[in-house]
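The values are calculated or read from the model by the stated rules, or taken from the named source; none is laboratory data. Bear in mind the structure is a predicted one, so any value in this text is a computation, not a measurement. Using ideal geometry, Cβ is built from the backbone for each residue, glycine included, and neighbour counts are taken over all protein chains shown. For the accessible areas, the whole protein counts, side chains as well, though only heavy atoms, and no ligand, DNA or RNA atoms are used. Shrake-Rupley method; radii C 1.70, N 1.55, O 1.52, S 1.80 Å.
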Amino acid sequence: MILIFLAVVFVPVAGAACSGQTACTLGDRSYHLRAPDGWDGVSPLPVLLHFHGWGRQGGLIVRHDRIAVGAVAEEVLLVAPNGLGGSWDFRRPGSRDTAFARAVLKDVAARYPVDPDHIFVSGYSYGAYMAWRFVCDDGADVAALLAVAGSFPAGADCDQAPRETRQVYGLDDQVLDFPFGPGGETDTPVALWRDRFGCGEGQDQGPWNARPFLTFQRTVWDCPGGRVTLDLHPGGHFIPHDWIPIQVEQILSQRD
């Protein structure tokens, strides 16, 4: 008897026609995606769902030199929904864009094998607000929120939470002004999560650099309900080079 073993390779649905600058359609809306370089076509993929900034679209995100690089380009399925009119509905619970983004994740999982334990949600500026809205509305299965230059105040409506949150903000941000506390406190961008997770005192991790020209000051709270990381820098309103890929790499390195 001759036994023939066949290798089963996952074939993305319409993968060749729906990637990069060619948007995936979903009803009357769309999103962009990028599979990691060198993916074997079989292994389940971590997912980074990124909400673009105001006036942008997802096609920029999947080729962005501060997002689609490093661990994101090498290990993660990058997914970038397109906001209506270049913006997002983030101001109140029950956002239409929360439902849309959840539908995007479901559609992605029908096209690619997804690692459900490693779903990351990130965003920049108005997209950071939308990332916060998504995890507050529907974030119970999110491994980490990675928010850049935008956060919710402590009293915001937030029924759900990710397992971990990481926030970066520029102290000289004059577009979405840095939310200093009444006494000049600088831990306010993550006050909601510190309250939600039952955090005590944060641990100062000292300075670190992704690139030599920008230094971050990191504070970490290891809390009963989750982990909170805040990176502050002296600059303004921008996505710091390599910050998102580094967070993804650090979290993925903790996998069993």
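Checking each residue in the range 95-133 for being open to solvent by 10 Å² or more (accessible area, probe 1.4 Å) and in a strand (DSSP E or B) picks out Val114, Asp115, Pro116, Asp117, His118, Ile119, Tyr124. Scanning the range 58-87 for residues that are closer than 27 Å to Cys158 by Cα, touching a helix residue (DSSP H, G or I) at 6+ places or on another chain (Cβ under 7 Å) and either in a helix (DSSP H, G or I) or open to solvent by 10 Å² or more (accessible area, probe 1.4 Å) (or both) yields Asn82, Ser87. From the list Gly236, Gly198, Gly226, the one residue that fits, being among the small types (Gly, Ala, Ser), in contact (Cβ under 8 Å) with a residue 40 or more places away in the chain and in contact with a Gly (Cβ under 8 Å, 6 or more places away or on another chain), is Gly236.
Within the bounds of the range 8-23, is there any residue that is open to solvent by less than 30 Å² (accessible area, probe 1.4 Å) and either modelled with pLDDT of 95 or more or out of contact with any Phe, Trp or Tyr (no Cβ under 8 Å at 6 or more places or on another chain) (or both)? Looking through the range 8-23, at least one residue is open to solvent by less than 30 Å² (accessible area, probe 1.4 Å) and either modelled with pLDDT of 95 or more or out of contact with any Phe, Trp or Tyr (no Cβ under 8 Å at 6 or more places or on another chain) (or both). Candidates Ala147, Ala109: the one that is in contact with a helix residue (DSSP H, G or I) (Cβ under 7 Å, 6 or more places away or on another chain) and not aromatic (Phe, Trp, Tyr) is Ala147. Taking the stated definitions as given, is Pro153 surrounded by fewer than 21 Cβ atoms within 10 Å (Cβ to Cβ), of a type outside the set (A, V, I, L, M) and within 19 Å of the chain's Cα centre (by Cα)? Judged against the criteria, Pro153 is a match. Is at least one residue of the range 229-237 among the charged types (D, E, K, R) and over 18 Å from the mean Cα position of the chain (by Cα)? Looking for residues that are among the charged types (D, E, K, R) and over 18 Å from the mean Cα position of the chain (by Cα), one finds none in the range 229-237, hence no. Among the residues of the range 131-144, write down those that are in contact with a helix residue (DSSP H, G or I) (Cβ under 6 Å, 6 or more places away or on another chain) and in contact (Cβ under 8 Å) with a residue 60 or more places away in the chain. Result: Phe134, Ala144. Return yes when Trp221 is buried (at least 20 other Cβ atoms within 10 Å of the Cβ), aromatic (Phe, Trp, Tyr) and in contact with a Ser or Thr (Cβ under 6 Å, 6 or more places away or on another chain) and no when it is not. Judged against the criteria, Trp221 is not a match.
For the range 134-150, the tally of residues that are part of a helix (DSSP H, G or I) and open to solvent by less than 10 Å² (accessible area, probe 1.4 Å) stands at 3.
Residues of the range 202-223 that are charged (D, E, K, R) and on the phi > 0 side of the Ramachandran plot: none at all.
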